[in-house]
Amino acid sequence: MMFSTSLVLALLLLQVPYPRRLPQGQIPSAPGGANTDAIATFAGTFKAADKKYLTIEVEEGQTMRMYITGSTKFFRDGKPAHASDFESGESVTVDASRDARFNLMAVRVERTPKPAKTPDKSPDKASER
């Protein structure tokens, strides 16, 4: 009985994910805030964020939800920020990676400024005469 209990416990412990450790001296993100762990970048519209998830709307009205972790970084105007600093409808760029179960994990979330409106340069009809 004791052997089978130990065997079951050992098999269960093998199922627990082991935290990934970086080799000594390796930095998780590259200088300038770019993250080398990110596998994809998504541009979209910020919808919501809570303690666990970030939701953005991407092209054609599709919604993406990804996990927020303790290492997720938020930026506004190039300065560190919090998820609560973002408002629904703002344009954002999200660098994301995948965990061991292939879930999307937000690595870096940055507000992207909307392009400035340029005045219409069409010729004025009154000036053509």
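Bear in mind these aren't lab numbers, they're just calculated from the coordinates by the rules spelled out. Note that the structure is a prediction, hence the values are computed from the model and not measured. When we count neighbours, we look across all protein chains shown, and the Cβ atoms used for this are built from the backbone with ideal geometry, even at glycine.
As a length-normalised measure over Cα pairs under 8 Å and 6 or more apart, the relative contact order of the stretch 34-114 settles at 35 percent. The distance between label points at Asp77 and Thr45 comes to 2.4 nm (points 7 Å beyond Cα on the Cα→Cβ vector). With bins 10 Å wide beginning at 0, the percent of Cα pairs of the stretch 34-114 falling in each bin runs 20, 59, 20, 1.
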